[in-house]
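The values are calculated or read from the model by the stated rules, or taken from the named source; none is laboratory data. The shown structure was predicted, so the numbers you read here are calculated from the model rather than taken from an experiment. Cβ placement follows ideal geometry from the backbone for every residue including glycine, while neighbour counts extend to all protein chains displayed. Quick note on the areas: whole protein, heavy atoms, side chains included, nothing else; ligands and nucleic acids left out. Shrake-Rupley method; radii C 1.70, N 1.55, O 1.52, S 1.80 Å.
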Amino acid sequence: MEQGLRLRHLSAGYPKRKVIEDLNVPHLPRGKITVLLGPNGCGKSTLLRALAGLSKGQGELWLNGEELMTQPFARRAQRVVYLPQTLPAGVHLHVLESIIVAQRASGGLHSASGEAEIMHLLVQLGIAHLAMRYLDQLSGGQKQLVGLAQSLIRRPELLLLDEPLSALDLNYQFHVMDLVRRETQLRDIVTVVVVHDINIALRHADHALMLKDGKLLADGAPSQVITPDTLAQVYGVRGRIEHCSQGMPQVMIDGLVAESLI
Ligand SMILES: Nc1ncnc2c1ncn2[C@@H]1O[C@H](COP(=O)(O)OP(=O)(O)OP(=O)(O)O)[C@@H](O)[C@H]1O
Ligand SMILES: [Mg+2]
């Protein structure tokens with residue numbers, strides 16, 4: 001049975017707007033973080049929502065040898081979790097309650113080991129002190145961390161995180177990517193993360209996809225996908241990849257390819 005995620009002839013979009021057409025991604029590996037890169041409006045969120053079955057898509061999606069498109073939604077929702085880019089308006093629940101709800105939604109029973117798993121996750125994410133706070137009284141970054149806890153507790157086979165770092169400070173950005181990578185390995189799941197920070201992609205991802213206008217421009221190791229050529233083509237910027245004193249690749253942006261937006 002083929003492991004990982006495979007997309008064949010995937011199309012997705014909205015009633016009056018086709019966004020993704022005939023997208024093919026041969027293999028997204030298990031146990032690895034894939035970053036999904038591309039400019040604003042190129043279709044990243046549309047793609048993740050289609051993978052999760054939250055918007056209409058056509059084509060074939062194979063996850064660990066099973067076709068997702070033909071599965072009943074409830075089964076698919078257990079296997080695939082999507083953390084949206086914009087979190088829903090806060091409900092008046094405690095953080096802890098909201099994570100228990102997420103755990104139950106994916107079939108977890110209320111038990112001592114289930115509770116211990118939640119507390120462990122909150123400690124790992126550095127938000128244990130927020131357990132009894134109300135969701136609608138948290139800061140943007142705190143809400144984003146709780147959203148991540150709700151996603152991880154559901155133990156999906158495919159974890160889709162849409163800009164999970166957008167409200168986080170430098171420390172948490174590093175910490176979250178580190179944690180998500182470790183959990184991805186440990187649970188042997190397929191994780192796809194949308195990020196805009198190219199240096200974070202280079203530092204923390206195992207695999208990268210680059211989209212432009214709903215089409216796949218590059219697919220491979222981050223250092224092969226993020227090049228001066230793709231940066232110019234996709235973002236319209238003149239970039240250099242340099243290695244820092246510790247040997248890590250870093251992208252420097254020198255300017256725009258043309259003095260206008262792409
Ligand atoms: N509900 C909608 N109805 C119609 N068109 C939409 C809808 N949501 C998004 N779009 C359009 O679909 C295209 C892809 O949007 P999408 O949200 O997937 O972009 P994105 O790559 O996630 O961008 P960003 O980096 O800004 O989040 C855009 O042109 C957008 O305007
Ligand atoms: Mg988006």
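List every residue pair whose Cβ atoms lie under 8 Å apart, where the two residues are 6 or more positions apart in sequence or sit on different chains, the first residue falls within segment 238-252 and is free of Cβ contacts under 8 Å to residues at least 40 places away in the same chain and within 11 Å of LEU202 (Cα to Cα), and the second residue, located anywhere, is open to solvent by less than 60 Å² (accessible area, probe 1.4 Å) and assigned to a strand (DSSP E or B).
ILE241/PRO249; ILE241/VAL251
Could you count how many residues in segment 132-156 are hydrophobic (A, V, I, L, M, F, W, C), touching a strand residue (DSSP E or B) at 6+ places or on another chain (Cβ under 7 Å) and more than 24 Å from VAL190 (Cα to Cα)?
1
Among ALA52, ALA102, which is within 16 Å of ligand 2 (Cβ to nearest atom), aliphatic (A, V, I, L, M) and crowded, with 19+ Cβ neighbours inside 10 Å?
ALA52
Would you be able to say whether some residue in segment 105-116 is under 20 Å from VAL81 (Cα atoms), crowded, with 17+ Cβ neighbours inside 10 Å and more than 21 Å from the chain's Cα centre (by Cα)?
There is at least one residue in segment 105-116 that is under 20 Å from VAL81 (Cα atoms), crowded, with 17+ Cβ neighbours inside 10 Å and more than 21 Å from the chain's Cα centre (by Cα).
What are the residues in segment 1-36 that are of a type in the set (S, T, N, Q), open to solvent by 10 Å² or more (accessible area, probe 1.4 Å) and closer than 13 Å to LEU158 by Cα, if any?
Hit for segment 1-36 is GLN3, nothing else.
What pairs come out if I take residues in segment 131-153 that are open to solvent by less than 50 Å² (accessible area, probe 1.4 Å) and pair them with residues that are hydroxyl-bearing (Ser, Thr, Tyr) whose C-beta lies under 6 Å away, six or more apart or interchain?
LEU135/SER98
Check every one of the strands (runs of 3 or more DSSP E) wholly within segment 178-262 and list those with 1 or more residues that are open to solvent by 50 Å² or more (accessible area, probe 1.4 Å) and in contact with a strand residue (DSSP E or B) (Cβ under 8 Å, 6 or more places away or on another chain).
Values: elements: 190-194, 207-212, 215-220, 237-243, 249-256.
Counting at least 1 such residues, we get 215-220, 237-243, 249-256.
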